[in-house]
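A.B. asks: Can you keep this structure in mind? I'll have questions shortly.
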Amino acid sequence: MTKSIIINQNLENYISNNSVDLHPVQQEIIEHNNRLGGIKKMQISVTQGYFMQFIIKNNKIKKILEIGTFTGYSALTMALAIDDDGNITCLDKNKETSDIAINFFKKAKVDNKINLICDNASNILSKLIKKNNTFDLIFIDADKENYINYFKQSLKLKSKKGIILIDNTL
């Protein structure tokens, strides 16, 4: 017999209340996105961010690829978890939200860890594959109709013990 946990606001509050405090710039991104209306749903939840930080720290992740960055909450969250010698390559096709994300990265003083490429993700993934790049963690959270393509390309970019995380799969 399986049991399910219902993720509701009470559970989210419990997790947040029993976790580390958010960085001020993480909180600022959340507030910024809350003013955007329905599109704010493109941001991962705070709970997902805590989970990603746990994965990064527990597995000593150094090199991360993020496909889909929006305004930068997930990339910033991951940048706060990796060591100073770690780095994140972010891919996003939206120039406006990419510029917003870059400003938040600078404000949080993690822009030295993050390289945001504003272009078509499939094209950039193909270039990364040709250059034999590998990543310890790949996070896919972009246009859902291309998830299978991003996943297939990510398999070629994942390091031997690498991890692929995919948002919104159910």
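The values are calculated or read from the model by the stated rules, or taken from the named source; none is laboratory data. Nothing here was measured: the structure is a model prediction, and the numbers come from that model. Using ideal geometry, Cβ is built from the backbone for each residue, glycine included, and neighbour counts are taken over all protein chains shown. SASA here: full protein model, heavy atoms, side chains in, ligands and nucleic acids out. Shrake-Rupley method; radii C 1.70, N 1.55, O 1.52, S 1.80 Å.
A.B. asks: Considering the options Cys118, Ser159, Asn17, tell which one lies farthest towards the positive end of the dipole of the chain, charges being +1 on Lys and Arg and -1 on Asp and Glu at the Cβ, about the Cα centre.
C.D. replies: The listed residue farthest towards the positive side: Ser159.
A.B. asks: Anyone know which of Ile15, Ile117, Ile100 comes out most mobile in the 10 Å Cα GNM of the chain?
C.D. replies: Ile15
A.B. asks: Listed here are the pairs Lys131/Lys161; Lys106/Lys152; Lys3/Lys158; Lys63/Lys109; Lys95/Lys161; Lys40/Lys144; which of them are more than 21 Å apart at the Cα?
C.D. replies: In this structure, Lys106/Lys152; Lys3/Lys158; Lys95/Lys161 exceed 21 Å between Cα atoms.
A.B. asks: While we're looking at this one, here's another question. Evaluate the charge dipole of region 61-107 about its Cα centre and quote only its size in Debye, nearest 20, assuming +1 on the Cβ of each Lys and Arg and -1 on the Cβ of each Asp and Glu.
C.D. replies: So the magnitude is around 80 debye.
A.B. asks: Could you size up the charge dipole of the chain around its Cα centre, putting +1 on the beta carbon of Lys and Arg and -1 on that of Asp and Glu, and report it in debye to the nearest 20?
C.D. replies: 680
A.B. asks: May I ask you to derive the relative contact order of the chain, considering only C-alpha pairs under 8 Å and at least 6 residues apart, and to give it as an integer percent?
C.D. replies: 19
A.B. asks: How large a share of the accessible area of region 12-170, in percent, is made up of carbon and sulfur atoms when the probe is 1.4 Å and the other protein chains stay in place?
C.D. replies: Of all accessible area on region 12-170, carbon and sulfur atoms account for 51 percent.
A.B. asks: Moving on to the next point. Which is farthest toward the positive dipole end of region 29-116 among Ala79, Gln48, Phe105, measuring Cα position about the Cα centre, with Cβ charges +1 (Lys, Arg) and -1 (Asp, Glu)?
C.D. replies: In region 29-116, that residue is Gln48.
A.B. asks: Per residue, what accessible area does the chain have, given a 1.4 Å probe and all protein chains present, in Å²?
C.D. replies: Here the residues of the chain average 60 Å² of exposed surface.
A.B. asks: Right, another one. Report, in deg cm²/dmol and to the nearest 500, the calculated mean residue ellipticity at 222 nm for the chain, where each DSSP H run with n ≥ 4 adds -39500 (n - 2.57) and the sum is divided by the residue count.
C.D. replies: Value at 222 nm, helices only: -13500 deg cm²/dmol.
A.B. asks: Jot down the radius of gyration and Dmax of the chain, Cα atoms only, both in angstrom.
C.D. replies: Answer for the chain, Rg first and Dmax second: 15.7, 49 Å.
A.B. asks: Right, something else. Would you mind counting up the charge near Leu137? Only other residues with Cβ under 14 Å from its Cβ, with Lys and Arg at +1 and Asp and Glu at -1.
C.D. replies: Surrounding charge for Leu137 is +3.
A.B. asks: Protein chains only, probe 1.4 Å: how do Glu96, Glu28, Glu12 rank by accessible area, largest first?
C.D. replies: The ranking, largest first, comes out as Glu96, Glu28, Glu12.
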